[in-house]
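Structure first, commentary second.
The values are calculated or read from the model by the stated rules, or taken from the named source; none is laboratory data. Every value quoted in this text rests on a predicted model; they were computed, and no experiment measured them. Cβ placement follows ideal geometry from the backbone for every residue including glycine, while neighbour counts extend to all protein chains displayed. Note: accessible area is taken over every heavy atom of the protein model, side chains too, but ligands, DNA and RNA are not part of it. Shrake-Rupley method; radii C 1.70, N 1.55, O 1.52, S 1.80 Å.
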Amino acid sequence: MKSLRKEFLKGLWDEHPTFRLLIGMCPTLAVTTAASNGLAMGLATTFVLVCSSVIISLMKDLIPKKVRIPCYIIIVATFVTIADMVLAAYFPDLHKVLGLFIPLIVVNCIILGRAEAYASKMPVFHSFIDALGMGVGIIWGLTFLGIVREFLGMGSVFGMQILPETATSWVIFILPPGAFFTLGIVVGLMNQINYVLERRKRERTTGSVTAGQAVQG
Amino acid sequence: MRDSLRLVIVLGLIATISGGVLAYVHQNMSPIIEENRAAAMAEAILEVMPKAVSYEVITAFTGGSALADATSSGSVADATSGSTEDGTSASTDGTSASTATDSTSASTDGTSAATDGTTASTDGATAATDGASASTDGTSASTVTDGTSASTDGTSAATDGTTASTDSATAATDGTSASTDGTSASTATDGTSASTDGTSGSSVVVDVVTKYRGLDADGNTVGIAFAVDGNGFGGNIRMMVGLDPVTRKLTKVKVLDHLETPGLGARITEQAFLHQFENKSLDDAFTAKNDVDAITGATVSSQAVAATIKAALSEVEADLRAGGIW
């Protein structure tokens with residue numbers, strides 16, 4: 001049970017797909033112009049990720065090693081198309097916003113990466129939890145980027161105006177360069193936080209060791 | 001050999017299952033998607049013409065596409081598929097319009113009025129002005145009720161008028177003959193030549209898909225709307241434009257479909273941008289950064305919207321004036 005929790009939590013921070021593993025950059029950079037776009041893209045990706053991970057994990061003994069990648073692609077593409085059609089049918093407005101990026105989930109490295117690295121080797125339930133953790137990681141990652149960029153670029157969050165209309169908004173943040181700025185700063189911050197955490201942990205452990213050495217010396 | 005056979009079988013099996021699943025999902029989803037699209041279209045048509053309570057498709061100018069649109073407008077309570085004649089044939093035959101309100105006949109055939117397509121190639125310029133009066137007469141009296149068919153015409157316009165009206169009367173009752181007549185009507189070249197004239201003046205290539213006439217409760221024309229395709233930054237932009245033919249002002253513009261950059265060009269759908277087109281005179285220049293405020297970071301998309309509307313307006317106006325609807 002403890003390992004399952006670890007499998008879930010690793011996707012949220014330690015192995016965060018976009019901020020730590022730096023995979024699936026294309027949708028990350030392209031759709032996070034607004035918080036709602038980021039959230040919707042995260043949800044769609046999570047749906048595909050969870051479904052395809054489970055199916056691939058179920059079929060891992062059946063799929064020959066030589067053709068595993070084509071098989072994964074077919075399975076992933078099936079779920080992407082389903083997501084695309086369901087969105088178009090029941091959430092036409094959302095589908096209109098995301099439009100082009102939904103089919104691009106097929107070639108998202110996160111999904112193929114999890115299939116190759118995890119789902120094809122692990123039991124079904126573990127794959128499910130792993131995919132869910134990664135999915136939640138993507139959701140918070142893209143939404144966070146979207147919030148930051150929308151706030152700086154348009155002065156609003158989730159479409160609600162926060163800064164007064166008169167305030168100068170930095171349009172560059174919703175332009176493509178802004179995606180790189182924001183992503184770079186977020187990745188840098190995460191590294192810094194990890195570095196500080198690591199050092200504290202090390203100081204705590206090595207602190208006692210050096211104390212012991214001092215006594216010995 | 002056995003290995004590669006296994007590879008092929010497994011791959012084929014997965015592909016087949018996926019195909020089956022997708023076919024099943026598509027079968028279930030496509031009617032809903034179509035329904036959404038038709039509902040959004042009907043909603044957009046009435047939205048851009050605030051005064052209208054119902055609408056009808058203006059056919060015989062758009063040719064083949066008229067048929068499909070007539071069926072989709074069936075969702076509107078008052079699904080009158082009105083069809084009007086082009087100027088040339090109106091001057092020859094005197095018929096101007098015949099409307100079938102019977103919803104079944106309206107859905108089977110989009111165009112019910114038919115005229116001799118061959119006679120359409122007479123003098124266009126004079127015929128157009130003649131037709132204007134002839135078909136206005138026809139339209140004002142063209143509402144038909146209870147599925148029984150009738151057709152009115154400007155009998156004073158031509159001697160041939162009586163035969164023409166019986167023709168369209170049978171066309172409205174008989175589904176098969178109506179559809180054959182409808183095809184012959186769509187071959188009349190008057191509408192097409194009018195639209196080429198309209199676009200030749202500007203460098204922007206637009207494609208007016210369908211035109212609609214907004215009707216109030218009494219059946220009077222209170223607005224004109226049209227769907228138009230134009231080239232944006234990322235691809236096609238489809239808009240619904242509503243206008244008031246009397247005051248010569250736009251009533252409302254709505255973006256139906258687009259492929260512009262999310263967060264930038266995609267903001268052409270927002271009211272903040274589209275609001276400025278309301279009550280804008282048809283004679284304005286429609287240039288971004290001049291009389292149209294462009295969206296920051298999306299000048300191309302903004303300009304595309306303005307230029308498309310402008311080009312389409314001249315095309316639609318020339319077209320409808322030739323048809324006598326304006």
Which of the lysines could a cross-linker span from residue A:96 if the Cα-Cα distance has to be under 22 Å and same-chain partners fewer than 8 positions apart are dropped? B:252, B:254
If you take the beta carbon distance between residue B:28 and residue A:15 as r and set R0 to 41 Å, what does 1/(1 + (r/R0)^6) give as a FRET efficiency, to the nearest 0.05? 0.65
Quick check for you: with a 1.4 Å probe and neighbouring chains kept, what is the accessible area per residue of chain A, in Å²? 51 Å²
If I stretch the segment between residue A:181 and residue A:202 completely, what's the gain in nm (0.36 nm per residue apart, minus their alpha carbon distance), one decimal? 4.4 nm
Expressed as a rounded percentage, what relative contact order does the stretch A:2-211 have, with Cα pairs under 8 Å and six or more residues apart? 34 percent
If we count every other residue with Cβ under 12 angstrom of residue B:273's Cβ, Lys/Arg +1 and Asp/Glu -1, where does the sum land? -2
Label-point separation in nm, residue B:15 to residue A:156, each point 7 Å along Cα→Cβ: 4.6 nm
Roughly speaking, what is the stretch gain from residue B:6 to residue B:293, that is 0.36 nm per residue apart minus the C-alpha to C-alpha distance, in nm to one decimal? 97.0 nm
XL table A:6/A:66; A:6/A:65; B:249/B:289; Cα-Cα > 22 Å flagged, in table order, is A:6/A:66; A:6/A:65
Would you jot down the residues in the stretch A:58-87 that end up with at least 40 Å² less accessible area in the complete protein assembly than in the chain alone, with a 1.4 Å probe? A:62, A:64, A:67, A:74, A:78, A:82, A:85
What's the average, rounded to a whole number, of partner chain beta-carbon atoms within 10 Å of each residue's beta-carbon in B:26-36? 4
Heads up, the stretch A:2-211 by the C-alpha gyration tensor (a ≥ b ≥ c square roots of eigenvalues; a/c under 1.5 rounded, else a/b over b/c prolate, else oblate) looks oblate
7 Å from Cα along Cα→Cβ at both residue B:279 and residue B:231: what's the point-to-point distance in nm? 3.5 nm
Can you check what the net charge comes to around residue B:230, using other residues whose Cβ is under 13 Å from the Cβ of residue B:230 (Lys, Arg +1; Asp, Glu -1)? -3
Among all helices in chain A defined by DSSP H, which have a length of 18 Å or more along the axis from Cα atoms plus a Kyte-Doolittle mean of at least 1.6? A:35-58, A:68-90
With a Förster radius of 22 Å, plug the Cβ-Cβ distance of residue A:193 and residue A:116 into 1/(1 + (r/R0)^6) and report the FRET value to the nearest 0.05. 0.15
Radius 10 Å from Cβ of residue B:295, net charge of other residues (Lys, Arg +1; Asp, Glu -1): -2
What does the average come to when, for each residue of peptide A:32-44, you count the partner chain Cβ atoms lying within 10 Å of its Cβ? 1
Can you grab the distance from the C-alpha centre of the stretch A:163-197 to the C-alpha centre of the stretch A:109-125, Å, no decimals? 31 Å
Per-residue average of Cβ from other chains inside 10 Å of A:166-178: 2
Computed over the stretch B:210-326, the relative contact order (Cα-Cα under 8 Å, seq sep at least six) in percent reads 20 percent
Percent relative contact order of the stretch A:71-143, based on C-alpha pairs within less than 8 angstrom and at least six residues apart? 29 percent
Surface per residue (accessible, 1.4 Å probe) for the stretch B:195-323, Å²: 40 Å²
Residues in the stretch A:168-204 that a label on residue A:22 would reach, taking backbone N under 19 Å of a point 7 Å out along Cα→Cβ: A:177-196
